[in-house]
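Heads up: the structure comes next, in structure tokens.
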Number of protein chains: 2
Amino acid sequence: MRKVKACALQFSCTKNVQENIDKAATLIKKAAAMGAQIILLPELFERQYFCQERRYDYYDFAKKVSENDAVKALSPLAKELGVVLIISFYEKDVNVLYNSVEIIDCDGTDLGTYRKTHIPDDHYYQEKFYFTPGNTGFKVFDTKYGKIGVGICWDQWFPETARCLAINGAELLFYPTAIGSEPILESDSMPHWRRTMQGHSAANVIPVIAANRYGTETVEPCDENGGQKSSLNFYGSSFITDEVGEIVESADREGDAILIHEFDLDEVNKARFDWGLFRDRRPECYGDITG
Amino acid sequence: MRKVKACALQFSCTKNVQENIDKAATLIKKAAAMGAQIILLPELFERQYFCQERRYDYYDFAKKVSENDAVKALSPLAKELGVVLIISFYEKDVNVLYNSVEIIDCDGTDLGTYRKTHIPDDHYYQEKFYFTPGNTGFKVFDTKYGKIGVGICWDQWFPETARCLAINGAELLFYPTAIGSEPILESDSMPHWRRTMQGHSAANVIPVIAANRYGTETVEPCDENGGQKSSLNFYGSSFITDEVGEIVESADREGDAILIHEFDLDEVNKARFDWGLFRDRRPECYGDITG
């Protein structure tokens, strides 16, 4: 038996970086007190979702990992509380900016960075303006509580992300997210979003943990964006699935949430073998995927 | 607008080939009368699921497509009723045997064969004894009603099947199936089975149509299999999803069923573009999938 308690934190973000970091710290401490061992924070929680608009001065939000406020403030909590932390942040690497996560092991060791591979671009999710597609590849981090794979938001829509992470030995998949309303498409993507990740879970026989922000964030029109108006309602609905894609923990569309679920990773890995899918893969037939 | 009515047929199978073909013909005619245009039959519906046991003499069930009883009997109905038929059968290709489907266009044209890529093997789903893994690759068939991709049963558990078909231009995904109880694992795989395909639908923004058999099939112990006893309960639950993975038509675990759903393929294709996923794929990062 290798039991581990995975956790997703859901909260709303204000315009004040310190407030958001403090909120994250408070929830991390609460979650740890509840037994959480691997704690996932939402995507880019240091700020409101700045990609609603295109502003050159927002490039200044990006910092080297060693200088990022959230990583600096929260990393010490990992060792203090004995928890693994998955911290999303806007990363500066000399002349290139990435949407990244840093993984801090429960003894405080920095296990490294994953940079978001798939970058979306829509009217109010203008991420290609801010982030270069990641160059780290799909990385599995060998934490003291288990091997974890991390995809960031838009990555969660791609079966390739989950498959590569599972192939590389991930035992749990984590997805920090910032997703909400679609003012142009006028659709509620929430069930679509969940079903896509439930599918990754089911197809790879692996639990999935997703953490989203919630709340309405409105930007003021400015000259730089031709007076563009916008407002997004982030829909929370953070969740955890078991290894066959069933949702076992679920947050509401609004409200802070600490979702915790215990998995026996040995049992999960046994279920993956018993079902036989990875035995029967035929990589030589999948050339269209890399073509 | 390119509207098309997709259909899944669900029925149980007896030990009499002609009875099963007659049943299929009756349901095809009923479905066509209800407006169905692309009709999917369950996997290997000519017989009870013979892969429960290993019997050399069952190799004789396999025939060339031109000699297969179901294809010969049902193909004329395609032209007569103006429907596309997806006919599953056990195929003999000289010295090699495959689990195949033949696609007959609504004018009677034979559009070709797809051979099941992924072959399962478990205590009572002993398919590796009967079927060589398919050598056709993932094929998209350009029918008069739209471009369709077909995976066969175990194929439906692999994100690679759905992704390759979507990349190659499939507008609808069809999966003939024979799946039921797991006497050893003692689990009900039905929800897992559905969620996996709902995930393919959601991730590729494409409708999925799945047809399963239902009913209990019991085999008699014989010397060739060391007196092995077994009985499988096939769980029906055939379904159709919309392009975001929501189940829009659903059959019960028991009982004949004709599921029909109309799609506007232009709208589906527009939704796929608008959501932007295929734009943002990064094939150069997916080497682990073909490695």
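What to note about this one:
- The range B:16-50 residues near the modelled residue B:2 label - backbone nitrogen below 19 Å, point 7 Å along Cα→Cβ: B:36-40
- Count Lys and Arg as plus one, Asp and Glu as minus one, and take only other residues whose Cβ is under 14 Å from that of residue A:13; the net charge is then -4.
- For chain A, the alpha-carbon radius of gyration amounts to 0.96 times the rule-of-thumb value 2.2 N^0.38 Å expected for a compact globular protein.
- FRET efficiency, 1/(1 + (r/R0)^6) with R0 56 Å, evaluated for residue A:142 and residue B:79 via beta carbons: 0.40
- When nucleic acids and ligands are ignored and a 1.4 Å probe is applied, residue B:110 ends up with an accessible area of around 80 Å².
- Spatially proximal aspartates and glutamates relative to residue A:29 (Cα-Cα < 20 Å; intrachain offsets below 8 disregarded): A:19, A:43, A:46, A:69, A:80, A:102, A:105, A:107, A:110, A:249, A:256, A:262
- Per-peptide packing, taken as the mean over residues of other Cβ atoms within 10 Å, places A:33-40, B:27-34, B:184-191 in the sequence A:33-40, B:27-34, B:184-191 from highest down.
- Of all DSSP beta bridges confined to chain A, the antiparallel ones make up roughly 75%.
- If you take the alpha carbon atoms of the range A:189-260 and fit the smallest convex hull around them, that volume is 100 Å³ per residue.
- Alpha-carbon Rg/Rh ratio, for the protein assembly as shown, with Rh computed the Kirkwood way: 1.01
- Among beta bridges that DSSP assigns inside the protein assembly as shown, antiparallel share in %, nearest 5: 75 percent
- When its C-alpha radius of gyration is set against 2.2 N^0.38 Å (N residues), the range B:171-291 gives a value of 1.37.
- Counting protein heavy atoms only, the range B:218-291 has 46 percent of its accessible area on carbon and sulfur, 1.4 angstrom probe.
- Sequence-distant lysines (8 or more away, or on other chains) whose Cα lies within less than 16 Å of residue B:139: B:116, B:147
- If the convex hull is drawn through the Cα atoms of the range B:1-148, its volume per residue in Å³: 111 Å³
- Take each residue in B:265-275, count the other chain C-beta atoms within 10 Å of its C-beta, and the mean is 1.
- Where trypsin sites (Lys or Arg not before Pro) fall in DSSP loop in the range B:158-250, at most 15 other Cβ within 10 Å: B:229
- Gain in span if fully extended, residue A:96 to residue A:19, counting 0.36 nm per residue against the direct Cα distance: 25.0 nm
- Relative contact order for chain A, counting Cα pairs under 8 Å that sit 6 or more residues apart, in percent: 20 percent
- In this label model, residue A:128 and residue B:273 are separated by 1.5 nm, measuring between points 7 Å along each Cα→Cβ vector.
- Environment charge at residue B:202 (Cβ cut-off 13 Å; Lys +1, Arg +1, Asp -1, Glu -1): +3
- Projected label distance in nm at residue A:69 and residue A:186, using a 7 Å step from Cα toward the beta-carbon: 3.8 nm
- Enclosed volume per residue, in Å³, of the convex hull spanned by Cα atoms of the range B:228-291: 154 Å³
- Cα Rg, Dmax, the range B:61-172, angstrom units: 14.1, 42
- Given in Å, the Rg to one decimal and the Dmax to the nearest whole number for the Cα atoms of the range B:101-234 are 16.5, 50.
The values are calculated or read from the model by the stated rules, or taken from the named source; none is laboratory data. Everything numeric in this text was worked out from a predicted model, so none of it was measured. As a convention, Cβ positions derive from the backbone with ideal geometry for all residues, glycine included, and neighbour counts pool all protein chains shown. In case anyone asks, the SASA skips ligands and DNA or RNA and just uses the protein heavy atoms, side chains included. Shrake-Rupley method; radii C 1.70, N 1.55, O 1.52, S 1.80 Å.
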